[in-house]
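Presented below is the structure to which this report refers.
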Amino acid sequence: MSKQGGKGGAAAGKARKPAKPGADEKREDALQAVILADSFQDRFKPFTLETPRCLLPLVNVPVIEYTLEFLASNGVQEVFIYCGAHSEKVEQYIQESSRWNPNSIISPFSSLEFIRVSDANSIGDFLRDLDKRSIIAGDFILVHGDIVSNIQLDAALAKHRARREANRDACMTIVLRSVGEQPHRAAKARGITPVFVVDPTTGRCLQYEETHPLQREHYVNLDPAVFTHGEFEIRTDLIDCGIDICTPDVLALWSESFDYELPRKNFLHGVLKDWELNGKMLYAEILDNGYAARASNLQMYDCISKDVLERWTLPFVPDSNLIHGQTYRRVKGGSYAEDHVVVERGAKVTQSAVGRGTTVKTGSLISGSVIGRRCKIGKDVRIENSYIWDYAVIGDGASVVHSVIAGSVVVGANCRIPEGSLISFNVHIDDRIQLPSKPPARISALTDDRQPAKSDVSLVGNGGKGALYQVAADDEESDDENGIKRDPAILQSSLIYSLEGLNLSTSSISTLAFEDDYDSDDGISVAGSFQGNAFGDTRDRLSSFASDDALKPDSFHNDAVNGLVDALRADNNADFDSAKLEFMGLRLANNASDSAMRRAIAVAFVRRAAELMKPEHGGLEPTKAAEKALTAKNGAVKFIKEVAVGGEEVAQQAEFGLALQKALSGVRNLEAGRAGALLAAMLQQLYSLDVLEEDGILAWWADKRAADSEEMNKLREKCRVLVEWLENADEEESSEEEDDEDEDDDEDDD
Amino acid sequence: MAPSQASYAPSLDNLIKSFNSQPLEASIESLIFLLKRRQVKGDECARATAHILRQVVAKSKWHDVDQLLSRVQSAGSRLVRAAPLEPVIGNIVRRVLGLIRDEASEDRNNADDVTSEAASDIQTLGPSAPPPLPRPVPVPIRPGPSAISAGMQVSKSMFNLLSVADPGDSPATGASTPLSQAQPASVHALRSEVMDGIEEILDEINQADDQIAGFSDIQIHPGDYVLAYQPTRSVERFLVKAASKRRFTVIIACLDSPNSGAAEPPYATLRKKLNTAGVNTINLVSNGLMAYIPRVNKVIFGAKAVYQNGGLLVDSGCCIAAQAAHEHLKPVIVLCPVYKFCPEDPSDEVSRGELGTPSSYVSYANGPGVDALEVENTVTDYIPPELVDVYLTNLGPQTRHHLASILADHYKTEDIGFSLQLGEP
């Protein structure tokens, strides 16, 4: 930090070639940025089947150009791009671009690298990967690949740096734009409303929540800790366009939280909630001017396109011609046209942008629209508020209203394309077709798995090509949600925002139910959880919003067991430590009791052992299965000893025995006899591994709860041999035998 | 711990600092994007153009004058296209082109025939005199210290507006130079001469404001009420200079911008300076302007560019002030350094005005109301010539009848249409 000299900053701002002498020492000053070019959402489908979202044209400029130009205008020197889907296309685009190609001398960045992550499923995976690479030297800007903004970050960067130097824990500054409650057009992403709780004096962000119209409760629970800060504001009037100024500590936080996926909903919410654990402070920089928005869904795409045409985004307007070779000029009617645009007499183009080589025949009316390059618009066509990409052909007399028509689409003569229609690449629509208006059609030439779709003649006509695009339903999700889709994403998946046909709940603040929930099994109360509703409701909230503070211990149990079983199943020789870490994290997050942990661990190991006994997993004998389940992983035994048993005391060991027994009695598809044999084998294995001692096992044997049901009794009986042997061994007190066992242990451990 | 200083945003100063560390093409391209992103605008454009053309002359490869001209033309036209509403860029490019032609013709004259030298002095005024191509054969030239010639030529010719035909005037220095030089040396010499010439253009740009301010005591009389509409930096300097000699009253008119949000009232520093010099100031938002006009003695504002018909490109709002003054027969004084004179007519786009962002007038928070509106925020105005009375240049006050001769002095006819010569990129 202290190396950032005054002159160095300015000079390093322009060091182009890393190979240049002196570039190394300047590197520390170079501003770095990370672009997340995939959001793992499918709100632009069917268009994103063929083209990555960041290359879709927004006012005839690929979206990523706005992002890169935004970074360049803020003097960013090193850029790292994370691509998910279609990464090869994005890379190719950058390689072919004379401006952004990192080898080109005119590139404003000294370096631009693509980072490929093959198994990433979320933004969280990207950032955890970034942490591992340790390429981030200092403060960096984290943005999405679909941002359109003319904000100058210098002031925010300076404030961030000052805060960080004053306090090392101030690790992130979120740049927000305040827009008032009823912003111009739909400047905010509708559907999901971010709620920031901010300390107005310091700008520190205290809590983050999201609300959306589909949730059952229309209120947000404030963390009691917020009230200790004295003054705070709760703001819903902020555009959050995902510009974060981060220190590398932020990446470390991501790494610590293996299950965070989204930068806001998971990460920001979680980090703020766990402030007492991680001690990190996050700040919000709230700006009153400048433009910032993310083309994160079609509604925002629509809205930003309008803003670009109306010059809210200056200097990112068509007649700035930011892309090489563009030649937009303002023409009459408040429109922009490139060279070689032919608008015949009698045609009228207002408030629109028209790309090079497009012809508009006489009698056509185009308003509030964006037309790509080399499109052919026929006679007497009416196009309103629509987006027509390159090489599209619109036949005579057609009308297109508030729709998106992708590249190389042919719309026949006298067609009617009603509001909200999405027509993807290469679709042909025959003459005189009227597309349905409710719901608006989404037509694609490809199916969801990128195979050519079978043309739907009733939809696109005899000479047409393309079919209704069906979103492949995610089976797991629909199971969870009892058939009612309550994902707010549905609000954003169409071009037109509408709550029509959706089942909105009408809760008000008066229905707020204070009712402490007790978990009957473990007797823990979940502090501060307001759950007056049924269990299904809780699941609902889980799936729609990661309010993991409101989790029931049940979900802890499920998550923990699944996590452990997965770790045990894993084929690699990875240490058990990461699973342990994960488990402990879950435990902390849920404030789980010792008994809950014990139960979860017992169930996990028993489940694995039982699995190993099944024919499809090798059909091992109970003894072998028990041995493999317990000892296959380094550190698993230690884990059981430390976490599950948790001490030398006899009572705790007995509890664990009981937990194992209960777990086995709960295993399905395992006959009682074999289950008993497995229990005996596991107990013996644990005994020989020094996890359980004779006294512990005997105490379990003596415990009444171990024999309180028939099933439990059956299991218990199978262990009689073991217990008797133990009793004998106890009596003999043969030190030699114990020594032998110790040696056996060592061999086992190796 | 180091103070948190470094501003990351690229700027013209950073760019100029980086000239030595990066290739020419990168510098040009950076400037183009600074222009496109409006991170260099207004008065900075002239300086930026001169700097970058100096780099073009210094760094690009050329072996004769034609190559040099085409290098400068192509770089220049790219800059012009990047910012079509900054005509100053084109002016500077034309000036540099003219400078190169001058230097080259001097050299050639020396080589061909020393005696014919005088005849070519007024080359620029004859439209029928394209400079002959330099021969690829070794041309002996004058390597002399002609540093003065380009700059001097400008100012000298300005003072001889009405006697342009005076043959002994400009390149008097050429006569005494040795004649035999080899071609590489000629290129070398030409390069350094042209670069010196560009330095002088830069000096001229930097000094123009001060020179204009030097005329302030002539223009402003004691007891005057002067309306300064949205004073630019040169107008501020002009007023402050005048304040040191005269007692008068300044009415500062500015736009009432709802979103400015600045803590200080506009032009606070200017008012402070004027007040310390004993000059009264009155602040005025533009809709109160008409009421004050009868009281005002003269209206002053700065121009972004002056076209050959005498029309002005100005910041938006000035046109209202000029029109108001015209109605009341008050003189309108426009401060415009000579480098802002464009040898062309205003284009369609210019007369329609550049559009800015609507956010300076309406806010996002205005919500649904704004959705229904079309907000056009013109940031430039075009003022027709009949509204302007005095063009106060760094060479003295002019009327529009003299503009043609100023243009003729500064630009060569063959360069006037240079930006049209090059087609698509």
statement: Residues A:Glu711, A:Glu724 in order from fewest to most other beta-carbon atoms within 10 Å are A:Glu724, A:Glu711
- request: Specify the inter-centroid distance of the range A:230-268 and the range A:323-361, based on alpha-carbon positions, in whole Å.
  value: 42 Å
statement: Here the Cα Rg-to-2.2 N^0.38 Å ratio for the range B:214-416 is 1.08
- request: Please list, in chain and number order, the residues 5+ apart from A:Ile429 or on another chain whose amide H is under 5 Å from its amide H, with Hs placed from the backbone.
  value: A:Val410, A:Val411, A:Gly412, A:Lys465
task: Rounded to the nearest Å, what's the spacing between the alpha carbon centres of the range B:302-371 and the range A:111-154? Just the number, please.
output: 43 Å
task: Return the subset of A:Lys159/A:Lys306; A:Lys132/A:Lys628; A:Lys376/B:Lys36; A:Lys662/A:Lys718; A:Lys132/A:Lys265 for which the Cα-Cα distance in this structure is over 25 Å, preserving the input order.
output: A:Lys159/A:Lys306; A:Lys132/A:Lys628; A:Lys376/B:Lys36
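Over all distinct alpha-carbon pairs, what is the Kirkwood Rh of the range A:43-90 in angstrom?
This gives a value of 11.7 Å.
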message: I need the phi-derived Karplus couplings for the range A:390-407: 6.51 cos²θ - 1.76 cosθ + 1.60, θ = phi - 60°, integer Hz, Gly and Pro marked x.
response: 3, 6, 7, 10, 10, x, 4, x, 6, 10, 10, 10, 6, 9, 10, 10, 7, x
- request: Would you mind checking which residues have amide H under 5 Å from A:Leu206's amide H? H placed 1.01 Å from N; only 5 or more apart, or other chain.
  value: A:Val197, A:Val198, A:Asp199
field: Karplus-derived 3J(HN,Hα), 6.51/-1.76/1.60, for each residue of the range A:597-609, Hz, glycine and proline x
entry: 5, 4, 4, 5, 5, 4, 4, 4, 5, 5, 5, 5, 5
task: Report, by chain and number, residues whose modeled amide H sits under 5 Å from the one on A:Ile443, excluding near sequence neighbours (fewer than 5 apart, same chain).
output: A:Leu422, A:Ile423, A:Ser424, A:Tyr469
field: Spatial extent of the range A:108-169: Rg and Dmax, with the Cα atoms as the point set, Å
entry: 14.4, 39
message: Quick check of the Kirkwood formula: for the range A:170-315, what is the inverse mean of 1/r over all pairs of different Cα atoms, in Å?
response: 16.2 Å
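Just so you know, all these numbers are worked out from the coordinates, no wet-lab data involved. Everything numeric in this text was worked out from a predicted model, so none of it was measured. All Cβ positions, even for glycine, are placed from backbone atoms using ideal geometry, and neighbour counts span all protein chains on display.
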